[in-house]
Every structure is written in structure tokens, then in C-alpha cells.
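This report concerns only the one structure given below.
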Amino acid sequence: MKRLLPILTMIILSVAGCKKENSINETTGPDPIPPKLISSDTLTTGGQWGIAIGQTSAEIYAKVQAMRGERGITYMGIVNNVYTNLESLENKIPLYSSVYLDETKGTSTGIQLNFADDKVKSIYTNDGVELNMWPIGNGASATIAVGNPVDAIYQKLVNIKNKGTYANKFERMSIFFKDVNKAYDPQMSASPQWYFVSTISDKRYNFVQVIFTAGKLTAIYSTVYENR
């Protein structure tokens, strides 16, 4: 899955309308070897794995959660999950695996906070610089550091924004990657597309795209890849 993750990331960020440089740390370094396309399928009637055309986003998320262990699904890409008001993220951050902070027009100094095991796993700038903490020079209450608990991040972001120096990094806040082990976020129903990867074997993966209209499923695109 490590080889497919950068490709999934780039697709999600591209569809979401981000600039090329707005990528998470998994996309830095040498370009990944593209996987081999094995097959693709489009469904607009019926369903797949109990996910049925016409179901609501909440119903589909519950189904994905139920089969996450069996099919090796750990995260989900949520397109267009972008905010301009920090207060909107108050109860959402622990439900996701990353938060991106930047100006309305993407910059190389945008900040990417990545989470794992309910803690800050890594901090990167958009140009690939790894940080131990951000920003530097603030007190602990207004600094995010690797290892901080995720449930403390929202208040730290409020404190950082209130300092004023980095207020422009809160013009565009994106939470594209959903931790499927966490509860459903009702705002997900506003997204037109979700993505997830299901493991088939050590080398093969099914890249699944689900398309919504007014919060109900209208199409499923499945593409099977094989890592080289």
C-alpha cells in the first residue's frame, strides 16, 4: 500500500483543487513506480460489497467501517473538505489523519500536520521541510509538536491564530484524509467524492471511488492495480 498511497494522495489533492506543491510528506522524495492497471469497472446500478447505489453517505461509511478489517481499509480520502473558519474544526480534527493549513493561494510554507495513534506523527511544510514543532518561538500553549495528543490540537491552533503572526495560514484549512476507525463526520455528506483502497493481496489493491449527488451514492468506480 505504501507505493499506492502517494498516487491516491495526488489524485485526491488534484481533484480537490489544490496546487501541485500542496502535498503531504508521503509524496516527497523520488517519484513512486506507477502500479500496473489490471482492471476497471463502473457501477451506476446495484452495488458492491453491500455498498448500494442510492444509499446515504452515513450508510456507506458504516459499511466501510464494518469491512475495514477484512479488506484492509485504514483511511479514506474526502474531496473538497475545506474550511475557512477555524471554529468549524473544533470537533473534527480527532476524526481525521491530517490537517493542512495555508493561505487562500497555496504557498510553499503551508503546514501539514499528520496524525497516528491519536498523536501528532509528523509536521511538514508544503515544500517538504520536516519540523519537530510549529511555529517556533511561541510558548507551549501556542506550539504544536510531534507527539502532542490530537485532542489538544484544536485549542493550540486557536492560540496560534490569535497570536496574529500566522493568521494567514488559517485562510484555507483542509482535512482530506478520514481515519475510518473514528466516528462518522456529518460534513462528509457534502463531499461529491470519496476514495479508499482495499487490499486484495500483497501486490494488488482495489482503488474505489464513490460518487455522491445530494448526499446519496450515484456511482462506484473500481480500479484494480498491481505494484511492480
Test: LYS121 is open to solvent by 40 Å² or more (accessible area, probe 1.4 Å) and assigned to a strand (DSSP E or B): yes
Selection count where residues are touching a Gly at 6+ places or on another chain (Cβ under 9 Å), more than 13 Å from MET188 (Cα to Cα) and of a type outside the set (Val, Ile, Thr), scope region 51-100: 7
Every residue from region 92-117 that is in a loop (DSSP other than H, G, I, E, B) and polar (S, T, N, Q): SER97, THR104, THR107, SER108, THR109
Leading residue by the ranking (farthest from GLN155 (Cα to Cα)) among those in region 130-140 that are modelled with pLDDT of 95 or more and surrounded by fewer than 18 Cβ atoms within 10 Å (Cβ to Cβ): GLU130
Hits in region 208-228 (condition: in contact with a helix residue (DSSP H, G or I) (Cβ under 7 Å, 6 or more places away or on another chain) and within 16 Å of ARG71 (Cβ to Cβ)): VAL210, TYR225
Count of region 36-78 residues which are β-branched (Val, Ile, Thr) and either at positive phi or open to solvent by 30 Å² or more (accessible area, probe 1.4 Å) (or both): 7
Among the residues listed as ALA16, ALA66, the single one being at pLDDT below 90, small (Gly, Ala, Ser) and closer than 28 Å to ALA219 by Cα: ALA16
Hits in region 141-178 - residues which are under 19 Å from the mean Cα position of the chain (by Cα), surrounded by fewer than 16 Cβ atoms within 10 Å (Cβ to Cβ) and without any contact (Cβ under 8 Å) to a residue 60 or more places away in the chain: PRO149, ASP151
Some residue of region 89-106 being within 22 Å of ILE153 (Cβ to Cβ), open to solvent by less than 10 Å² (accessible area, probe 1.4 Å) and out of contact with any helix residue (DSSP H, G or I) (no Cβ under 8 Å at 6 or more places or on another chain): yes
Check on GLN209, open to solvent by 70 Å² or more (accessible area, probe 1.4 Å), free of Cβ contacts under 8 Å to residues at least 24 places away in the same chain and within 20 Å of TYR96 (Cβ to Cβ): no
Total residues in region 63-91, condition part of a helix (DSSP H, G or I) and more than 15 Å from the chain's Cα centre (by Cα): 12
Yes/no for ILE60 being hydrophobic (A, V, I, L, M, F, W, C), more than 17 Å from the chain's Cα centre (by Cα), assigned to a loop (DSSP other than H, G, I, E, B) and modelled with pLDDT of 65 or more: no
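The values are calculated or read from the model by the stated rules, or taken from the named source; none is laboratory data. Only a predicted model underlies this, so the values are computations on that prediction, with no experimental measurement involved. Every residue, glycine among them, receives a Cβ derived from its backbone with ideal geometry; neighbour counts consider all protein chains shown. Note: areas computed on protein heavy atoms with side chains; ligands, DNA, RNA excluded. Shrake-Rupley method; radii C 1.70, N 1.55, O 1.52, S 1.80 Å.
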